[in-house]
Amino acid sequence: DRPGAVQSCLSIGAVFQNLAEHERALGIFQEGLKIAREIGDRQQQAHLLSALAELHRRMGTLDAASDVITEATDIGSSLGDERLLADCERISGLLALDRDQTDAGRDLLLRSLRRAEGRGYQAQIGTAERALAEIAVKRSRIHEAEERFERAMGIFSAMGNHLEVARCCDAMAALYDSTGGVDKAKKLRASAQEIRARLAGAAGRTTP
C-alpha cells in the first residue's frame, strides 16, 4: 500500500515536527516525498513539499524552504487545490517575514486568510490569524494582535487542536510580557505548559 505509506510518512513526520525532533521529521518527510514521486501522486507530493517548507523554516534553512514551497505552490495551482494554496501562501508569508519583508509577508498572509475564509477552512483560518497577530505585535498594534490571537484560539479550541491552542497561549503570553500584563502572561504560559504536559503524557513522553 504505497499511497498509505506516503500518508503515514506525512502524519508521522508531523508528530516528530511537533516534538521538535526536526532531523527525524526531515527524513520521514523526504522518504514520503520519494515514494509519492515514484507513484506519481502529485497531490501528496505537494502536501509533503508544504510540510518540508514549514520544517525547513523552523530549522532556519530558508533557501531550502523557499525552493520547496515554490514547487508546492506550482503543483497546488495546477491541481486547483485551494486548501493547499492557502497553506502555501501562509508559509510564503512567514518566509517573507523571516527575511524582514514585512509588507510582502502581511499581504501573503491576508491572501491566505481570505482564501481560507471563502471556503471555510478552519485550520487555515486559525494559523493565518495567529501569524497576522504576530505581525500586529511587531507593529505595536496591540488591540489588533489580541483580537487575532483570541480568534485563532477560539477556532483551535473548537477544533480540539490543543497543540495550536498552546502555541497561541505562548504567543499571547509574550505579548503581555511586553505590555506589562504579567498576571495574564503567567496564566497563559501555565495553560500552555499544562496542555503540553497532557499531550506528552498521552504520547508516553515527559515535558522538560
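General remarks:
- In summary, L113 fulfils each of the numbered conditions (1) over 19 Å from A14 (Cβ atoms); (2) open to solvent by 40 Å² or more (accessible area, probe 1.4 Å) with the single exception of condition (2).
- Neighbours by Cβ (under 8 Å, 6+ apart or cross-chain): first from region 189-201, touching a residue at least 24 places away in the same chain (Cβ under 8 Å) and open to solvent by less than 100 Å² (accessible area, probe 1.4 Å); second in a helix (DSSP H, G or I) and not aliphatic (A, V, I, L, M): S191/C169; A192/R167; A192/C169; A192/D170; I195/H162; I195/C169; L199/H162
- Residue match in region 177-184 (condition: in a helix (DSSP H, G or I), among the hydrophobic types (A, V, I, L, M, F, W, C) and open to solvent by less than 30 Å² (accessible area, probe 1.4 Å)): no
- The C-beta contact set for region 103-130 (first residue touching a residue at least 12 places away in the same chain (Cβ under 8 Å) and under 16 Å from G76 (Cβ atoms), second residue open to solvent by 60 Å² or more (accessible area, probe 1.4 Å) and of a type in the set (K, R), distance under 7 angstrom, 6+ apart or interchain) comprises Y121/R83; Q124/R83.
- Some residue of region 148-156 being open to solvent by less than 40 Å² (accessible area, probe 1.4 Å) and basic (K, R): yes
- Residues (without any contact (Cβ under 8 Å) to a residue 12 or more places away in the chain and either closer than 17 Å to L110 by Cα or in a helix (DSSP H, G or I) (or both)) located in region 151-170: G154, S157
- Some residue of region 17-27 being small (G, A, S) and more than 28 Å from R198 (Cα to Cα): no
- Exclusive hit being assigned to a helix (DSSP H, G or I), within 19 Å of D81 (Cβ to Cβ) and modelled with pLDDT under 95, set A14, A46, A53: A14
- Any hit, region 95-112, residues being in a loop (DSSP other than H, G, I, E, B), closer than 22 Å to N161 by Cβ and not β-branched (V, I, T): no
The values are calculated or read from the model by the stated rules, or taken from the named source; none is laboratory data. Since this is a predicted model, take the numbers as computed values, not measurements. Glycine also receives a Cβ, built like all others from the backbone with ideal geometry; neighbour counts cover every protein chain displayed. Surface areas here come from the heavy atoms of the whole protein model, side chains and all, with no ligands, DNA or RNA. Shrake-Rupley method; radii C 1.70, N 1.55, O 1.52, S 1.80 Å.
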